[in-house]
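Just so you know, all these numbers are worked out from the coordinates, no wet-lab data involved. Note that this is a predicted model, so its numbers are computed, not measured. Reconstructed Cβ throughout: ideal geometry from the backbone, glycine too, with neighbour counts over all protein chains shown.
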Amino acid sequence: MMVMSLNRCSRALLTGLLVLAVFSTPAMGLSATVSESVDTAAVDEQVSAEYEFTALYRSPDYDSWVITGETELDEVTWTVTYYDQTDSKIDQDRYTGQSFNGATVDVEDGTSRVTVNVRGDVPPIDAYTYEPMQSFVVMELGQTEVGGAVEPIDTMTATHYTPTSLAAREELETAAAALASTDAPEAERTFSNAVTAYEREEFDLATNLARDATDMAREQAGTDRRNQLILYGVSGLILLAIVGGGIYLLLQRMGGPDRLG
C-alpha cells in the first residue's frame, strides 16, 4: 500500500486536533458527486466507480481531514487524485485492498477538488434474493479527523449476477409482468415456487417454473378477455332486444285500429 508523502503526513498530524467532520451536514460542507457509477455487473467482471469532492473546507478553522474507503470488490485498487483551483493535478495516492485510510485533504496543499476511484472485480454471490435483487458494496466513503471516528459520506451499491442466475431472473420478471394483468391463483403459486427455486440457486428449475407461470397467466388472461367479450355480446343482445321490443310496441300503438271510430 502506498502512503502519503512525509510532509503531508506531518501537517495532518499537527492539524489533527482541529479537524471537524465536514459532511455531517451537506449544506455546511463537502459536496460529493458520483462521476462514474456501477448499477449491475456480472460476477468476476472488472468494474470502476468514482466520486468527486468539491467545497472541501467548511471554514478556515477546519481545513484538513482524511478520506476513508471500503469496498466488497476483489483485487482492488484505489486512486485518490488531488486538484488545485486551476484544475491541475497536484498529487495522487494509490492504495490496494478492500479498505484504505490516510488520504488527507489539506488546504495548505492548495487542494480544491478530489476524486476517489475504485477498480476491482465483482465478488461472488453469497445468497440469492429475488426482491430485492442481491447486491454488494461498490464503494463506501467516509471522512474523519486524524485518529478520530469515521463519519459516512456516501455508499454506492450495485446488483450482481451470474449468466444462469440472470437468465432465470429474466424469466421471473416476464412471469411477474404476465401475472400483473390477470388474477390467476395457480400461476401465482407456480411463480412463488419459481422464486423459491431461484433463491435456492436451482436456476434451471426456477426458469422452467417461471415459464409455466407465464403460460398459465397468459392463458387466464386470454380466457378473461373471451369471457369479457361474451359478456359484452350478451349485454348487447339484451339491449338490442329491449330497444327492439320498445320500438315494436310503439309502432303497434301508432299503427293500430282506432277503436273509437
Next item on the list: Run the dipole for the stretch 87-147 about the Cα centre, Lys and Arg Cβ at +1, Asp and Glu Cβ at -1, nothing else charged, and hand back the magnitude in debye, nearest 20.
Entry: 200
Next item on the list: If a/c stays under 1.5 just call it rounded; otherwise compare a/b with b/c (prolate if a/b is bigger, oblate if not). Do that for the stretch 119-192, with a ≥ b ≥ c from the square roots of the Cα gyration tensor eigenvalues.
Entry: prolate
Note to self: Need one number: nm distance between label points at residue 108 and residue 202, each 7 Å from Cα along Cα→Cβ, rounded to one decimal.
What the structure shows: 6.5
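Could you calculate the contour length gain from residue 84 to residue 157, that is, 0.36 nm times the residue separation minus the distance between their Cα atoms, to one decimal place in nm?
That pair, residue 84 and residue 157, stretches by 23.3 nm at full extension.
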Checklist line | Extended-chain gain in nm, criterion 0.36 nm per residue less alpha-carbon gap, residue 92 and residue 243 | finding: 45.7 nm
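Around residue 84, under 10 Å between beta carbons, what's the net of Lys plus Arg minus Asp minus Glu among the other residues?
-1
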Item checked: Distance (nanometres) between label positions extended 7 Å along Cα→Cβ at residue 37 and residue 183 -> 3.9
